[in-house]
Amino acid sequence: TRRSSDLLKRADSAADFIASHFMSADAPGIATTAIDPKISGNRPIEFDENVAAARWANLLHQFSGRTSDIAIAQSAMRYLATPQIESRHLGSPGGVLLADRELSAPAIHIAIVGKKSDATAGQLYAAALAMPNTYKRLEGYDATEGPLPNSDVQYPTLERAAAFICTGTSCSRPSFTIEALARQLSRTN
């Protein structure tokens, strides 16, 4: 939808701003203050902010397909994996482990194929959004609106709305009901 496209453009702009103002080619991590090229030396970097940056930029990359987004995630992860940083945060590894897991595999990709005005497509989308997996790439595809930003899968033209679970460049059989989608998702987890 137009709203999704606008949100992705805003997220891309935010990522571009982060990359140009808070990342350094000389050191890993996302700084908490803008980098001043006139000042060398230490820059403030926060552990939790880099966990969030790694996870956010990685998921953004999956929607956008932009290499600049994954570069942000990888820079944050390199900082988090630095031995002195890792040893200081041994008591709170959860966020780093999630970031590492998410960077090592694509999110569950659920595509709802159908016209945006189709009630079934809306119900499938709402059901997929409500499903408990938080690491997912959920997209609504209406062929009349043109391709998705990261067109890594070709979706079929169908007579009715359907949900697909995609990996790589292939997708599952279509699920035409919420129950079928839930069954299909349970097989992927």
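The values are calculated or read from the model by the stated rules, or taken from the named source; none is laboratory data. In this text, all values refer to a predicted model and were calculated from it rather than measured experimentally. Note that each Cβ is placed from the backbone with ideal geometry, even for glycine, and that neighbours are counted across all protein chains shown. Note: areas computed on protein heavy atoms with side chains; ligands, DNA, RNA excluded. Shrake-Rupley method; radii C 1.70, N 1.55, O 1.52, S 1.80 Å.
General remarks:
- Qualifying residues in the stretch 156-173 (those that are part of a loop (DSSP other than H, G, I, E, B) and under 23 Å from the mean Cα position of the chain (by Cα)) - the one surrounded by the most Cβ atoms within 10 Å (Cβ to Cβ): S172
- Note on the stretch 9-33: among residues that are part of a strand (DSSP E or B) and in contact (Cβ under 8 Å) with a residue 40 or more places away in the chain, the one that is farthest from T82 (Cα to Cα) is M23.
- Pairs, first surrounded by fewer than 15 Cβ atoms within 10 Å (Cβ to Cβ) in the stretch 131-142, second not in a strand (DSSP E or B), C-beta under 8 Å, six or more apart: N133/L185; N133/N189
- Residues (at pLDDT below 95, more than 19 Å from L97 (Cα to Cα) and surrounded by fewer than 17 Cβ atoms within 10 Å (Cβ to Cβ)) located in the stretch 36-70: D36, P37, K38, I39, S40, G41, N42, P44, G65
- Here the helices (runs of 4 or more DSSP H) wholly within the stretch 65-121 that include at least 2 residues being touching a helix residue (DSSP H, G or I) at 6+ places or on another chain (Cβ under 6 Å) are 67-80, 94-104.
- Looking across the stretch 10-26, the residues that are out of contact with any helix residue (DSSP H, G or I) (no Cβ under 8 Å at 6 or more places or on another chain) and farther than 15 Å from S64 by Cβ come down to S20, H21, F22, S24, A25, D26.
- Condition check for E102: out of contact with any strand residue (DSSP E or B) (no Cβ under 6 Å at 6 or more places or on another chain), without any contact (Cβ under 8 Å) to a residue 60 or more places away in the chain and either open to solvent by 60 Å² or more (accessible area, probe 1.4 Å) or under 20 Å from L60 (Cβ atoms) (or both): yes
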